[in-house]
Amino acid sequence: MKTQSPNQRSGVLWRLTGAITNHPWRTIGVWVLAIAAIIVGSQTLGGELQNNFSIPNSDAQRATDLLTQRFPARSGDSATIVFKSTGKLDAPEAKAAVMKAIAAATTVKHVSESGDPYAGKNGQLSKAGDVGYVDVQFDQAGWTLPAGTADALKSAVNQAVAGSGVEVAFTGQAVQEPPKQGASEGLGLLAAIIVLLIVFGTVVAAFIPIFLALLAVGLGLTILTLAAGFTDFNTITPILATMIGLGVGIDYSLFIVTRFRQALHDGATPQAAARIAAATAGRAVIFAGVTVAISVIGLATVGLDFITKMGIGASLTVLTSVAVAVTLLPAVLALLGHKVDRLKLPFVGVPDDSLAAQKNTAVARWGRFVTRRPKLFTAVPLLLVLAAASPVLAIQLGAADSGSAPADSTQRIAYDWLAEGFGPGFNGPLLIAVDTKGDAGAPDRLQKAIAATPGVSFAAPPLVNPAKDTAIIMAYADSAPQDAATADLVMTLRQDTIPTALRGTSAVAYVGGGTAAFDDISAQIFSRIPWFLLFVVGITLLILTMAFRSIVIALKAAITTILSCAAAFGILVVVFQQGHAMSLIGLDRTGPIESFLPVIVFALVFGLSMDYEVFLVSRIREAYVGGDAPRLAITDGVAAIGRVIIAAAIIMSVVFFAFLTGEDRTIKEFGLALGLAIAIDAFVIRLTLVPAFMHLLDAKAWYIPRWVDKVLPRLTVEAPEEQ
């Protein structure tokens, strides 16, 4: 295989890395100033994260907009205080404690109204009399309430019932706690350190990717805070950004450090080695990071702003990781030089990263083993992935309710008490907003029709605004909010009950509330999936074809990545929806997959899996254009980069899997889906199926029609040669 010497390389990146490695302290100084400016900007202009779920042109959004305009006292979110006693709540001492608690709740700032469960006003007692609830109305949406408002409510109510024998729990959007990150990042970093120590054999080399990944994540989150001053980002965004940022940040630095050590071991000077690594591996890192960014941009085609913002927020740490790896890391490596191999670990030898030694590694032997049996290692991985993906056909999208929360959380306790006292449907009330348009009797007629609808356990009397032109009807289903039967009920109300009850009148009504909103989110996503896939897959196909000058390579990359995602989603359905092995990840109830999760995971995985595709195929192509025969280039490429892909995939998967230790169900879903997709993509697809399939294709793997080759611009992943 022919290699390129430094004087053969050219291009913008080669010139940039030359300036960086020749003046490393200057580069570090620029970075320090940039980081300081971003920190100051985030502290002066930054904002807070907010859960603003807007669903354009949906029934749930119309209900929200109507109440905001006509019934502002009811347009804010509410908190439900649930009371439970070993005796009867209407006993004198218990009743006094409950009423004292309600009075205390009304003193909390931004509480506009509370109820009386004994009078049936915004609350009631169960038939058994041991469970009761009251709704506390706030004058703002939960995500706009000042920090500490929910804690103030809980503190006031808990103090009021202290020593009375009455227990309390809280639920509702106004007291919804943001997901906590816990120790997930620490566990992921610990696992990454262990893997890096084994891969590099030295403490210095192992900690460089860790340090730079933490720097990139911290910088990305700071930029996120700055951006939050100008637009809304969901509270789950920083956790997702941290998860993605740690994985790619470590991987990108690992890739460049490995190439640096290879150049050092082949005899290059520290400055030359750093420049070669940044201009070769760095080019693939840039390509991979841009692919992630493009995939995330595709989320905009779904038409839901909060989904787009979640993707953009997560991609910030990816882009900062690219910038750190391609500019700051080469400066650090140029200064370290051979010190990168210092602090060797006992019993762990420092691997020889030279080109000659790579051909004798275990992964090199695996590459030769796979390509000697190409039909077997094409068919078996394909069958395994398809089998894992098959449960995805039964996927149920929606929103897991508080019944899936940790058993000791106040939301879960309140959920269980309400289900025990009033039935499961009381945990996800349907809010019907009625615009009377001059028909004063419409709300009462509609309430009776809703109450008589099969699947409705109770429909409260209408609440009418002071202007008498808008009303609210709260309806409760027989089934739990996350059950498919509840989604069917929402459809029945919208398509049958409401049109029938209001026929012949000018009045209109919209079904809103959290349960209906997530149904609308699911419907919106399903309707836009073809456009989303067309954008993400189409743009990626175009870029890969430009980069590798092969339609076959591009199609293979897109199809196999789709298979990796499908397999991960299939296993997700088995665990979260069907309940198999869910106790192993801290869950005790099944539920639907969050409606927004598949598109976000697909966009991220499609970008992240391109890392391994680009890293592997760029080395194969580098060997191919350097003179290797097509089949020899495959084994040489696997030998050159396989060990790095294995380490990178283990690190990224473990970082993702570490988030399974958190409490939030949605974070667990993201962690399992991303971790599985990366592991399947790296080990089953890139290092097994791809080499075998490319061996079968031989030179046909690099096929591109002449007219396409002439039309498409050239985008080179491997460093170009001087013409």
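So what does log10 I(q)/I(0) come out to for region 70-175 at q = 0.10, 0.12, 0.13, 0.20 Å⁻¹, using the Debye formula with one equal point on every Cα and no solvent?
-0.25, -0.36, -0.42, -0.94
Suppose we look only past 17 Å in the calculated P(r) of region 429-512. What percent of the Cα-Cα pairs does that tail hold?
Considering region 429-512, 39 percent of its Cα-Cα pairs are separated by more than 17 Å.
Relative to the longest principal axis of the chain, what angle (0 to 90°, nearest 10) does the C-alpha long axis of helix 184-200 take?
10 degrees
When Kirkwood radius over Cα pairs in Å is calculated directly from the model, which label among (1) 27.9; (2) 25.6; (3) 33.4 fits?
It is the one labelled (1).
If you average the C-alpha positions of region 583-655 and of region 277-337 separately, how far apart do those two centres end up, in angstrom?
15 Å
If each residue's Cβ is checked for other Cβ atoms within 10 Å, how do E669, E167 rank with the fewest at the top?
E167, E669
So, in Å, what gap is there between the alpha-carbon centers of region 490-562 and region 406-453?
28 Å
Under 20 Å Cα-Cα from K127, which lysines qualify once same-chain neighbours fewer than 8 residues away are excluded?
K84, K88, K95
Across 5 Å bins from the origin, how do the percents of Cα pairs in region 506-554 run, short distances first?
4, 18, 13, 12, 11, 10, 8, 7, 6, 5, 3, 2, 0
In deg cm²/dmol, rounded to 500, what helix-only [θ] at 222 nm does the chain give when every DSSP H run of at least 4 residues adds -39500 (n - 2.57) and the total is split over its residues?
Computed mean residue ellipticity for the chain: -19000 deg cm²/dmol.
Can you tell me which lysines have their Cα less than 27 Å from the Cα of K339? Leave out same-chain residues fewer than eight positions away.
The qualifying lysines are K359.
Sort 693-699, 510-516 by packing, meaning the average of other beta carbons within 10 Å per residue, with the highest value first.
Top to bottom by mean Cβ count within 10 Å: 510-516, 693-699.
Taking the chain as the reference, fit the longest principal axis to its C-alpha atoms, fit the long axis of helix 12-22 to the helix C-alpha atoms, and give the angle between the two in degrees, 0 to 90, nearest 10.
80 degrees
Past the 29 Å Cα-Cα mark, which pairs from K154/K468; K448/K468; K121/K437; K344/K556; K556/K710?
Beyond 29 Å between Cα atoms: K154/K468; K344/K556.
Along the positive direction of the dipole of the chain (beta-carbon charges: Lys, Arg +1; Asp, Glu -1; about the Cα centre), which of L384, A156, S58 reaches farthest?
My answer, from the dipole projection, is L384.
Any chance you could give the angle, 0 to 90 degrees and rounded to 10, that helix 59-70 forms with the longest Cα principal axis of the chain?
60 degrees
Of the peptides 545-552, 630-637, 385-392, how do they stack up when ordered by the mean number of other Cβ atoms within 10 Å, highest first?
630-637, 545-552, 385-392
Based on the mean of other beta carbon atoms within 10 Å per residue, what is the order of 427-433, 582-588, 568-574, most packed first?
Put in order of decreasing packing, that is 427-433, 568-574, 582-588.
Where a number appears in this text, it was derived from the coordinates with a stated rule and is not lab data. All values derive from a computational prediction rather than experimental measurement. Backbone-built Cβ (ideal geometry, glycine too); neighbour counts: all protein chains shown.
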